[in-house]
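Working notes, structure below.
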Amino acid sequence: MHSADFVPSRNEVYVFRGGNGREYLNDLHALDVNTYTWRNVETTGASPQQRANHSSAVLDELEELFIFGGWNGKERLNDIHILHTGTGAWTCPRIGGVLPHPRAGMTLTALRGRLYLFGGSGTSSKCFQDLQILDRKEMLVFLSLFLDALLLPLFCRRG
């Protein structure tokens, strides 16, 4: 229900807490990997709403932590929030293109200025088999690949 990401510029693991089994949360903690000490991360701006089963990723070169989607106890989400780890400022950017459907339980990977979102479950527990790519510089979802059940075995083949 939580997410954890290593932030190289701070030498810390950021943990965005999604829930404790009784309630949904949105607090942020950091573990210093040298001293193994925890701290609460002080932030400014509008933090993401409480949620669980969200995903997160860090773009090292921009010192940004991204939080995407999840479940707030009433509905699945498809919002994106960015924390600048150097300043502690949250932003909720405007995204161009077609946003991914609201979902929970997906993966989010950051690589070379892009975010790769895969899978998750939507309303009525619909399982997504799609790959969405967000270009950080343009803040644009520019590619959506839908992998149907016939093509998926090609990607999962062991060789």
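Set against the labelled values (i) 1.06; (ii) 1.30; (iii) 1.17, Cα Rg over 2.2 N^0.38 Å computed from this structure falls on (i).
Annotation for the stretch 87-141: trypsin sites (Lys or Arg not before Pro) lying in DSSP loop with at most 12 further Cβ atoms inside 10 Å of their Cβ are R94, R112, K126, K137. Can you list residues from other chains, or at least 5 along the same chain, whose modelled amide H is less than 5 Å from the amide H of E64? Amide H neighbours of E64: L59, T85.
With all protein chains kept in place, the per residue accessible area of the stretch 19-159 amounts to 59 square angstrom at a probe of 1.4 angstrom. For the chain, set up a Gaussian network in which alpha carbons nearer than 10 Å are linked by springs, and say which option among L111, L77, L131 fluctuates the most. Of L111, L77, L131, the most mobile in the Gaussian network model is L111. Working note: 222 nm ellipticity from helices only, DSSP H runs with n ≥ 4, each -39,500 (n - 2.57), summed and divided by the residues of the chain, gives -500 deg cm²/dmol to the nearest 500.
The values are calculated or read from the model by the stated rules, or taken from the named source; none is laboratory data. What you see is a predicted model, and the numbers here were worked out from it, not measured in a lab. Neighbour counts run over all protein chains shown; Cβ positions are idealised from the backbone, glycine included. Ligands, DNA and RNA are stripped out before the accessible areas are found, and what is left, the full protein with its side chains, is counted by its heavy atoms. Shrake-Rupley method; radii C 1.70, N 1.55, O 1.52, S 1.80 Å.
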